[in-house]
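K.L.:
There's a structure below that I have some questions on.
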Amino acid sequence: MGDRLGDAIADRPDGIDFAPGIHGSVRVKLVDQLKALDLKPSDIDYLAFSHWHIDHTGNANLFGDATWILQRRELAAATGPTPPPFESLAPVSAYRNAKIRLVDGDTDVFGDGSAQLLLLPGHTPGHQALQLRLPHAGVVLLSGDLYHSREARRLRRVPKVNVERVATLASMDRFETNAARTHARLVIQHDPRDIALLPHFPAYLH
């Protein structure tokens with residue numbers, strides 16, 4: 001999933017404040033990481049997001065040639081008359097001219113179970129997690145913003161910014177049941193402790 005702060009933030013050494021208490025910075029641009037892999041944005045075939053908050057869509061417009069896999073309810077909310085907080089359309093404006101694959105619910109991206117988008121609403125209307133089945137690492141679950149820290153997971157904390165508390169708690173239950181059933185490795189994307197356990201770029205789980 002294309003969850004990432006925008007490369008433009010890298011030009012601001014002190015980073016930026018998204019909201020009170022929420023600060024972001026970029027040390028290495030995504031385009032430079034792709035270049036290190038001998039790739040460019042136009043080489044990417046598919047693009048999806050956990051949700052459309054601006055700290056997850058910063059580089060979306062680099063991928064106008066890709067097929068955008070969008071949850072229908074997330075798109076409807078973001079483009080509706082009262083979009084959820086922090087869902088700016090500017091970072092994702094390329095969707096208007098991109099090839100779109102609208103989905104409703106869980107989605108098997110390639111049809112072979114290797115990459116599945118799991119609809120887990122509550123943080124936003126169309127929030128989703130990513131489940132990968134890797135040959136050696138096994139099942140890996142990326143939580144998106146279902147959780148923001150290990151403590152939030154343990155205590156089942158629901159942030160005030162979430163659009164629906166009941167839906168969030170139901171999504172947590174579903175996520176945990178799935179993680180236990182598949183013996184998944186869980187990565188909370190906002191928790192530096194989980195990120196530190198991943199292979200350092202350009203190495204990767206496989």
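Here, each number is a calculation from the coordinates, and none is a lab measurement. Everything numeric here is computed off the predicted structure, so don't read it as measured data. Every residue, glycine as well, gets a Cβ built from its backbone with ideal geometry; the counts of neighbours run over all protein chains shown.
K.L.:
What does the convex hull of the Cα atoms come to per residue for the chain, in Å³?
P.N.:
Hull volume over Cα atoms, normalised by residue count, gives 131 Å³.
K.L.:
With +1 on the Cβ of every Lys and Arg and -1 on the Cβ of every Asp and Glu, and nothing else charged, how large is the dipole of the chain about its Cα centre, in debye rounded to the nearest 20? Could the numbers behind the result be given before it?
P.N.:
Values: 23 positive and 24 negative charges, 87 e Å.
For this selection, approximately 420 debye.
K.L.:
Calculate how many DSSP beta bridges within the range 7-196 are antiparallel, expressed in % of all such bridges and rounded to the nearest 5.
P.N.:
Bridges in the range 7-196 that DSSP calls antiparallel: roughly 60 percent.
K.L.:
Distance in nm between label sites at residue 197 and residue 108, each 7 Å beyond Cα in the beta-carbon direction?
P.N.:
The answer from the label model is 2.9 nm.
K.L.:
Out of 122, 66, 52, whose Cα points farthest toward the positive end of the dipole of the chain (charges: +1 Lys, Arg; -1 Asp, Glu; placed on Cβ)?
P.N.:
Among 122, 66, 52, the one farthest towards the positive end of the dipole of the chain is 122.
K.L.:
About the Cα centre of the range 143-206, how large is the charge dipole given +1 on each Lys and Arg Cβ and -1 on each Asp and Glu Cβ? Please answer in debye to the nearest 20. Don't skip to the answer; put the middle values down first.
P.N.:
Numbers: 11 positive and 7 negative charges, 37 e Å.
Roughly 180 debye, rounded to the nearest 20.
K.L.:
Another question about this same structure. Under 14 Å from the Cβ of residue 171, count the other residues' Cβ atoms, weight Lys and Arg +1, Asp and Glu -1, and hand me the total.
P.N.:
Charge balance in the 14 Å sphere: 0.
K.L.:
So, one more: What does the extension gain come out to for residue 170 and residue 101, with contour length at 0.36 nm per residue minus their alpha carbon separation? Provide the component values of the computation, followed by the final result.
P.N.:
Working: separation 69, 0.36 × 69 = 24.84 nm, distance 2.60 nm.
Gain in length upon complete extension: 22.2 nm.
K.L.:
Follow-up question, since we're still on this one. Using the alpha-carbon centroid of each, what span in Å lies between the range 87-107 and the range 31-77?
P.N.:
9 Å
K.L.:
Expressed as a rounded percentage, what relative contact order does the chain have, with Cα pairs under 8 Å and six or more residues apart? Please list the in-between numbers first.
P.N.:
Working: 366 pairs, mean separation 31.5, N = 206.
So the answer I get is 15 percent.
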